[in-house]
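Notes to accompany the following structure.
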Amino acid sequence: MASKTTLNEKNLETLGAARLAELLIEISTGSAVAKRRLRLELAGAQSPKEAGREVAKRLTSIARARSFVNWKNRKPLVTDLESQLRAIKEQIAPADPAEGLALLWRFMQVATPLFERCDDSSGIVIGVFHDACALLGEIALAAGTPHEVLADATVDALRDNGYGQYDGLIAILTSALGSEGLVHLKQRIEALSATPIPVPPKGEWEAVSYGSGGAAYAHQMEERALQSMVRMALKDIADAMGDVDAFIAQYDPKSRKVPKIAAEIAARLLAAGRAEDALGFIERAEVDNDRWVPHEWQDTRLEVLEALNRKDEAQAFRWACFERDLSPDYLRGFLKRLPDFEDMEAEERAMDHAMKHASLFTALQFFLAWPSISHAADLLIQRYHEIDGDRYEYLALAAETLSERHPLAATLALRAMIDFALTKARSKRYGYAAEHLSTCAELAGRIEDFGELETHDAYLAQLKSQHGRKYGFWFLTEA
C-alpha cells in the first residue's frame, strides 16, 4: 500500500484547494514556464475562447523573440510548446474545431522564426512540430474546412517548409481534403511550377544578397527549392489520389532507372495490381551487382516475382542476395521455402560460404546476428591475420559474445584492438586497451591450447618490448 506521503493525486487532494493554491504560487515563483502553464489552465477554466487568446498571445511572443535557444534553455522551450499544443488539442479544438485549427496553423507558423534562432541538434524541437502537424488532419476534418480553403492553406504551408516541419502534410490532410480538395491542390501546385519566381530589378540586387553574383545565386537556389517542393508535392498528391502514373511522371526516364526510385515505382504498381509493369521498372534499374545494392530494390523485386508466381526465380534471387551481402533475412527467407531436411544442408552450405566471404567483418557480423557463435569463433581463429583492430564496433561485441565459450577467439579480438591502439599511438583508446589486456589475462586461464598463437605471458612480453615507452598506457594497466 502506498505511503500517505507518496506524491500522487489522491494524497495531494487531502491538502485541500487552498493549500494547493498556496503551494503552486510558491513553486511557480521564479519559473516563467510554470507561471505560463498556470495562466493557461486558468484561462481554460474560464472558457475555450479565453484559452485560445492565451495561446495566441504566447505563440506571437515565441515567434517575435530574438534570444538564441541552445541546449541549456531548450528544455523549457519544449515544455512551453508542448503546453500550448496540449491546450489546442484538449481545451480549444474539442469545443471549437475551427478556432483550434486556426491556432494549430498559427502554431506551425512559429517553426520558421524559431528554428532561425534555435539549436535543435537533438531533434526534440522539430519533434513537437511533427506532433502538431499530425493533428492538422484530425482537427481540419472536425472543423469541416472548405476543401479549397484547406488546399490553399496547404500550399502556403509547403512553401514554408524550410525546416521540415510540414513533412508528410499532404498524407495527413488527405481525408480532410477529399477528392475535390486534392484536385484543387494539384492545380495550385502545378500553377506554381509554371510560374517562375520574379527576378529582382537590377537596382535591387545588392539589397537581395552580396552583390549581383550572390543575388543571382540566391534566386537560382530559390527556384530550385520551389521546383523540388513541387515535385515532392505532386508525388504525394499522386499517392493520395492513387494515381500511379502521375507518380511516375514526376521522374524523368533517367531517374526511373535509379534502383531506389525504381523500387518506389514498382511498389506502387504492384499495389495497383500491375505486377508486370512493376517488374519492367525493376529490371530496367541500373544495378551494379559488384557494389552495394539497395535492399529496397531487392525486397521489391522479390515481392514482384512472388506476385507473378515466379517462385524459382525468387528463390534463386534470395540466395544471390545472401551470397553478396550475407544478409540473415534473405537466408532465412530462402531456407523457409525449402522442403524439410533440405534446409539443413542449405544452411550448412551458407555457413561455408560466409566463412570464405571476402570481408572478414561482414562474415563476423553475419555469424553474430544469425547467430552461430562457433562459426564466429572459427572465423577469427582461422583468419586472425585479417583482423583490423580499428573496427572496435565489431570486435568489442564479438569479444563479449565469445568470451564465455570461446576464450581464444575473444582474446584475438581483444588483442587486435590493443595492438591497433598502441601501434597507432591512439592515446584516447589506451583506457579501453588496458581493460582489454586485463580481460585477456582473465581469459588466458581458460584457454587450454593457444596452438600457434602466443600465450598471454609471451604476448605481454612482446607488448612491453615493442611499446614499453608508451607510459600513458602502462600507467593504466596492472601489468
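The values are calculated or read from the model by the stated rules, or taken from the named source; none is laboratory data. These figures come from a predicted structure and were not determined experimentally. Reconstructed Cβ throughout: ideal geometry from the backbone, glycine too, with neighbour counts over all protein chains shown.
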(Q) For the range 86-93, check the following and say yes or no: at least one residue is among the hydrophobic types (A, V, I, L, M, F, W, C) and under 29 Å from the mean Cα position of the chain (by Cα). (A) yes
Q) Quick one: is residue 356 of a type outside the set (A, V, I, L, M, F, W, C) and more than 32 Å from the chain's Cα centre (by Cα)? A) yes
**Q.** Those residues of the range 102-154 which are outside any helix (DSSP H, G or I) and under 17 Å from residue 87 (Cα atoms), in sequence order
**A.** 110
Q) What pairs come up if the first residue lies in the range 142-160 and is touching a residue at least 60 places away in the same chain (Cβ under 8 Å) and more than 13 Å from residue 175 (Cα to Cα), the second is not in a helix (DSSP H, G or I) and not polar (S, T, N, Q), and their beta carbons are under 9 Å apart, counting only those six or more places apart or on different chains? A) 158/166
Q | Residue check for residue 304: surrounded by 17 or more Cβ atoms within 10 Å (Cβ to Cβ) and assigned to a loop (DSSP other than H, G, I, E, B) | A | no
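Do any helices (runs of 4 or more DSSP H) entirely within the range 361-437 hold 2 or more residues that are farther than 25 Å from residue 473 by Cβ, and if so, which?
373-382
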Q.
Return the residues of the range 370-379 that are surrounded by 18 or more Cβ atoms within 10 Å (Cβ to Cβ) and closer than 13 Å to residue 403 by Cα; say none if nothing qualifies.
A. 376, 377
Q | Members of the range 273-297 that are on the phi < 0 side of the Ramachandran plot and either without any contact (Cβ under 8 Å) to a residue 24 or more places away in the chain or assigned by TED's automatic domain parsing to the domain that holds residue 322 (or both) | A | 277, 280, 282, 283, 288, 290, 291
Q: Within the range 267-295, track down each residue that is of a type in the set (A, V, I, L, M, F, W, C), in contact with an Asp or Glu (Cβ under 8 Å, 6 or more places away or on another chain) and modelled with pLDDT of 95 or more.
A: 267, 269, 270
Q) Got a sec? Which of 320, 271, 263, 316 is under 21 Å from residue 243 (Cα atoms) and surrounded by fewer than 19 Cβ atoms within 10 Å (Cβ to Cβ)? A) 271
(Q) Of everything in the range 97-119, what is surrounded by fewer than 19 Cβ atoms within 10 Å (Cβ to Cβ) and of a type in the set (Asp, Glu)? Give them in sequence order. (A) 116, 119
Q: Give the range 48-91 a look and list any residue that's under 18 Å from residue 130 (Cα atoms) and polar (S, T, N, Q), or say none.
A: 79, 83, 84
Q: Show the residue pairs that are 6+ apart or on different chains and have beta-carbon atoms under 7 Å apart, the first residue being within the range 459-472 and free of Cβ contacts under 8 Å to residues at least 12 places away in the same chain, the second being outside any helix (DSSP H, G or I) and surrounded by 12 or more Cβ atoms within 10 Å (Cβ to Cβ).
A: 462/454
Q. Is it true that some residue in the range 15-37 is at pLDDT 85 or above, farther than 18 Å from residue 126 by Cβ and surrounded by 14 or more Cβ atoms within 10 Å (Cβ to Cβ)?
A. no
Q) Within the range 307-322, which residues are within 20 Å of residue 283 (Cβ to Cβ) and either in contact (Cβ under 8 Å) with a residue 12 or more places away in the chain or of a type in the set (Gly, Ala, Ser) (or both)? A) 307, 308, 311, 314, 315, 316, 317, 318, 319, 320, 321
(Q) I'm checking my understanding of the structure. Among residues of the range 38-71 that are modelled with pLDDT of 85 or more and not in a helix (DSSP H, G or I), which one is nearest to residue 107 (Cα to Cα)? (A) 65
Q: Considering only the range 241-260, state which residues are under 28 Å from residue 160 (Cβ atoms) and surrounded by 20 or more Cβ atoms within 10 Å (Cβ to Cβ).
A: 247
